[in-house]
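To keep things clear, I will list the structure first and then write my remarks on it.
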Amino acid sequence: LSEIKNIKQIIITKDAGDYYCSITYEADDELPEKKALSEENSVGIDMGLEKFATLSNGTAIENPRFIKKLEKRTKKLQKQLSRKQKGSNNRKKQVLKLQRKYRKLRNMRNDFLDKVSTAIAKQYDTIIMEDLNVQGMMQNKHIAKSIDDVSFYAFKQKVEWKAEKYGKIIIEIGRFDPSSKLCSRCGNIKQDLKLSDRIYHCGVCGLTIDRDYNASKNIRKMGLIKVGLVQSEYTPVEIATSGLHGIYPYRQMSVYESGSSDASAEE
């Protein structure tokens with residue numbers, strides 16, 4: 001505390017019966033110089049529900065499913081709480097037990113996100129992620145709970161902060177880029193790909209690959225093209241007239257997308 005200067009504010013909070021003191025102050029620490037953009041030491045990250053994250057090097061980080069782990073216990077505590085008389089000491093004690101259980105859930109999640117984001121930021125110089133529409137995804141009642149559990153937005157914030165801390169570069173691709181439907185080998189766009197399809201089968205080049213791994217490889221390539229480390233196959237005019245992104249050889253792609261039976265002959 002003796003080394004802390006220029007204190008801006010002190011906030012006292014109470015959480016599950018415990019008090020915490022947060023001190024906001026100015027630090028003289030300088031951020032490290034940014035690393036150069038690197039194709040070799042770059043990684044694309046695909047976020048998901050089945051797997052928490054899949055990296056373009058093939059690494060898959062399993063979804064810890066924290067809510068599922070504690071759900072049985074929290075439901076039991078909530079049921080016990082509903083039986084307590086309002087205003088009684090027993091009800092206050094039960095509320096405290098429930099609050100501590102939810103605090104444990106938050107701590108487990110934050111610890112996991114911190115460890116994963118730190119490991120990625122330390123290992124890679126260029127990190128490429130999607131701009132996910134988390135708010136829109138939360139409108140789907142079937143997956144809203146799972147999305148809340150994995151905390152996409154919180155993870156992204158942590159990765160960005162760790163990247164600043166270690167002098168790494170973050171690249172973000174657009175949320176409408178077809179990372180999941182695109183074949184990472186030939187560029188075919190599989191329009192009929194369903195959310196339940198966990199394996200990507202390309203009907204053009206025959207590639208069979210894990211769906212999330214395929215998406216992470218596309219995310220990496222899209223990000224590298226965005227900053228000019230990888231060259232696109234076509235000119236901006238050709239890309240605009242084709243209605244696609246020009247990342248792969250899309251001239252034959254337009255034939256397959258149209259559903260023409262003469263695709264093999266024209267190829």
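The values are calculated or read from the model by the stated rules, or taken from the named source; none is laboratory data. Remember, predicted model here, so these are calculated numbers, not experimental data. No Cβ is skipped: glycine too gets one built from the backbone with ideal geometry, and neighbour counts run over all protein chains shown. Accessible surface is based on the protein model in full, side chains and every heavy atom, while ligands, DNA and RNA are left aside. Shrake-Rupley method; radii C 1.70, N 1.55, O 1.52, S 1.80 Å.
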**Fill in**
Taking the chain and a Cβ-Cβ threshold of 4.7 Å, the cysteines left without a partner are CYS21
**Asked** Any idea what the dipole of the chain comes to, in debye rounded to 20, about its Cα centre with Lys/Arg Cβ at +1 and Asp/Glu Cβ at -1?
**Response** 3080 debye
**Prompt:** Which log10 I(q)/I(0) values, to two decimals, does the stretch 1-70 give at q = 0.20, 0.22, 0.27 Å⁻¹ under the Debye formula with one point per Cα?
**Reply:** -0.86, -0.91, -1.21
**Item:** Rh (Kirkwood; distinct C-alpha pairs) - the chain, Å
**Value:** 21.9 Å
**Request:** Would you mind telling me the share, in percent, of accessible area of the stretch 55-164 contributed by carbon and sulfur at probe 1.4 angstrom?
**Result:** 48 percent
**Message:** What distance in nm lies between label points placed 7 Å from Cα along the C-beta direction at THR208 and LYS72?
**Reply:** 3.7 nm
**Message:** Regarding the stretch 39-112, what's the average projected area of the Cα-atom convex hull, expressed in nm²?
**Reply:** 6.3 nm²
**Entries of LYS79/LYS141; LYS72/LYS97; LYS122/LYS156 with Cα pairs more than 18 Å apart** = LYS79/LYS141
**Fill in**
Full extension between ARG65 and ALA36 adds, at 0.36 nm per residue less the Cα distance, a length in nm of 6.8 nm
**Asked** How far is the Cα center of the stretch 142-183 from the Cα center of the stretch 1-21, in Å?
**Response** 30 Å
**Request:** Roll a 1.4 Å probe over the protein chains and send me the accessible area per residue for the chain in Å².
**Result:** 62 Å²
**Prompt:** Counting Lys and Arg as +1 and Asp and Glu as -1, what is the net charge of the other residues whose Cβ lies under 13 Å from the Cβ of HIS201?
**Reply:** +3
**Message:** With the cut-off at 26 Å, tell me which of the pairs LYS75/LYS145; LYS34/LYS226; LYS34/LYS145 have Cα atoms farther apart than that.
**Reply:** LYS34/LYS145
**Loop-resident sites, the stretch 176-234, for trypsin sites (Lys or Arg not before Pro), counting at most 13 other Cβ within 10 Å (DSSP)** = LYS194, ARG198
**Asked** Going toward the positive end of the dipole of the chain, with +1 on Lys and Arg Cβ and -1 on Asp and Glu Cβ, which of GLN123, GLN135, ILE189 do you reach last?
**Response** GLN135
**Request:** With only Lys, Arg, Asp and Glu charged, each at its Cβ (+1 for the first two, -1 for the last two), find how big the charge dipole of the stretch 1-122 is about the Cα centre; round to the nearest 20 debye.
**Result:** 2080 debye
**Request:** Determine the order of CYS21, CYS202 by accessible area, beginning with the largest, at a probe radius of 1.4 Å.
**Result:** CYS21, CYS202
**Prompt:** Based on DSSP, what percent of beta bridges with both residues in the chain are antiparallel, to the nearest 5?
**Reply:** 70 percent
